[in-house]
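Read-outs: derived from the displayed coordinates by stated rules, not from any lab. The structure displayed is predicted, hence computed values, not measured ones. With ideal geometry, Cβ positions are generated from the backbone for all residues, glycine too; neighbour counts draw on all protein chains shown.
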Amino acid sequence: MEVVVAKSDVTEIEADVIVVNLFEGVTTPDGATGAVDTALQGMISDLIADGEITGSASELTLIHTPSSVYPDFKPARVLVVGLGAVESFDTDQIRRISASVIRKLRASGVKRAATIVHGAGIGGIKGSAGAQAVVEGMLLGAYRFLKYRTTDKKRKPDVESLIIVESDSSKIDAIKSGVEKGIVYSQAEILARDLVNEPANKLSPADLAATAQRMATENGLACTILEESDVTKLGMGAYVGVAQGGARPLKFIHMTYEGDATDPENNLWLIGKGITFDSGGISLKPGAGMGKMKGDMGGGASVIAAIQAIAQLKPVLNVHVVCAATDNMPSGTAQRPGDVVTAMNGMTIEIDNTDAEGRLTLADAIGYALAKDAVRIIDVATLTGAARIALGDGVSPVFGNDDDLVEAVVESSKLVGEPMWRMPLDSVTKRQNSSKIADLKNTGGRGGGSTTAAHFIADFAGETPWVHIDVAATSMLDSTRGWMPAGATGVPTRSLIELAARLGK
Ligand code: BES
Ligand code: MN
Ligand code: ZN
């Protein structure tokens, strides 16, 4: 979908539909909705008086306005969308209603749509932020993963173009910059979704590395791929242990955006878990739902996607992305429960359960980042089923050893509508990772599964400021929610972009 900004009156815009809005409880619309109401001789006010339009959240009312009846009104239809209560209005609400609008427009066969920016000025929302949220809601809400559906003939085609209309020329520049950001943020989140939705037979570690390499070239980023022999030489025994059961070779992806060449210490390392399929290994997972483990590279997808947007937005800091990609498979060469491996930093790990593989790959990815003088580390991982038990699938648990960095991550997530909540790293759960025969064990027993996993990673981050985001529950959804369709959500790609923008000011 092409998105453009136009300075125009809403009544003058050449489009199949113009989208206007109404807050709950408003009886006489003003602004753009008022202008449409006047042009239609009070039709919207009449529908409000009749109780057909109430302004409740995501209420959609489609009105046909043929030129034979309304010669002075250019759009062929009007869609009035309810914004809900003004007190609870925010950018999440804009994204949510924009997602339902775009799906309604597609279902109605609209090709060329126009919309105003909803609620700018309400609740302190600036025109640029409002425009960004409209564009994100529309682009993300329209997302579908259809590449393997070849026989579906009844499918409605996507809306072709979206015009953001504003009559006040003094607001156009702000809206344009919001639209630009909305496109960049959304395209990145969509890249992450595409990678997560891709079946494991179509996305090997090599395929993931090739995608990263291609995207890096297109965006002027450096990209280095290390092979098994390279990471073995570096001493990444924990990562290699996970990979050794699989037939598809591991690929260690390192991408770099240089936004502050004079100060290499001004850096941010984004490390994503990259298990291209997690069968559990010898500690094999049960069959039901195992197919979802094609998405166990969701953390890696989100960091790779984020650096695409970062390359385009150009914040003033150096960003490194690392993804230690591999399958986790059972076989005669697979690692066994009871094995002991040595990580890059020299720590030994007793493999209690081969299905706790993510933390093993992250341990060595962090070891690599520290060897290259990482100053701040964020890791993102579909790490534990316990994340869903703790917080459900609407909020990602976050852990960290640095209050400022944790706060920056959580604040960024709030702004973009990808909620996170900080969890404690207490000394009681930490002890659950103790091993009798090695420095650490890769599982921590029944209680606090997300916390013990985080403690494990914390031991490798050491004193360096570090935050861990567990997206096991939020990376994929069973059913559509707002701008997030069933399947991959792309979370927390936009949070990471926002964080880099904030740190790189
Ligand atoms: N990839 C899984 C976690 C996961 C579960 C992600 C469900 C998305 C949805 C991870 O590798 C795993 O298997 N974790 C185990 C850890 C356990 C063996 C300590 C888990 O959560 O059960
Ligand atoms: Mn696992
Ligand atoms: Zn896993």
Rounded Å value of the spacing that divides the Cα centres of the range 143-160 and the range 455-484: 31
Net charge, Arg112 excluded, C-beta distance under 10 Å - Lys, Arg +1, Asp, Glu -1: -3
Charge context of Glu407, other residues only, Cβ under 12 angstrom, K/R +1, D/E -1: -1
Principal-axis tilt of helix 493-503 within the chain, Cα atoms, nearest 10 degrees: 90
Sites matching trypsin sites (Lys or Arg not before Pro) across the range 172-246 that sit in DSSP coil, with at most 15 neighbouring C-beta atoms within 10 Å: Lys202
Built amide H within the under 5 Å cut-off of Ser8, gap 5+: Glu166, Ser167
In nm, spacing of pseudo-spin labels at Glu14 and Ser161 (7 Å Cα→C-beta vector): 0.8
0 to 90° range, to nearest 10: angle between helix 205-219 axis and the chain longest Cα axis: 50
The range 380-481: GluC sites (Glu not before Pro) in DSSP coil with no more than 14 other Cβ atoms inside 10 Å: Glu463
Using alpha-carbon coordinates, inclination of helix 298-313 to the longest axis of the chain, degrees: 60
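State the antiparallel share, in %, of DSSP beta bridges confined to the range 102-256, rounding to the nearest 5. Could the numbers behind the result be given before it?
Numbers: 5 of 10 bridges.
Percent antiparallel among DSSP bridges in the range 102-256 is about 50.
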11 Å beta-carbon shell around Pro492, net charge (K/R +1, D/E -1): -3
Distance violations [Cα-Cα > 20 Å] among Lys7/Lys74; Lys156/Lys181; Lys7/Lys314: Lys156/Lys181; Lys7/Lys314
Fraction of antiparallel bridges per DSSP, the chain only, in percent to nearest 5: 35
For the range 12-38 versus the range 55-76, the gap between their alpha-carbon centres in whole angstrom: 9
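Which of Arg388, Arg96 comes first, and how do the rest follow, when ranked by fewest Cβ neighbours within 10 Å? Don't skip to the answer; put the middle values down first.
Numbers: Arg388 15, Arg96 22.
Taking fewest neighbouring Cβ atoms as first place, the list is Arg388, Arg96.
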Label-to-label distance, nm, for residues given as Asn219 and Lys372 (7 Å Cα→Cβ offset): 1.5
Spin-label proximity, Ser435 to the range 327-346 - amide N less than 18 Å from point 7 Å beyond Cα toward beta carbon: 334-346
For the chain, fraction of C-alpha pairs farther apart than 45 Å, in %: 19
DSSP-assigned coil residues among GluC sites (Glu not before Pro) in the range 46-138, each with at most 14 further Cβ atoms within 10 Å: Glu52
Chain lengthening between Glu227 and Ala210 when straightened (0.36 nm per residue, less Cα-Cα): 4.8 nm
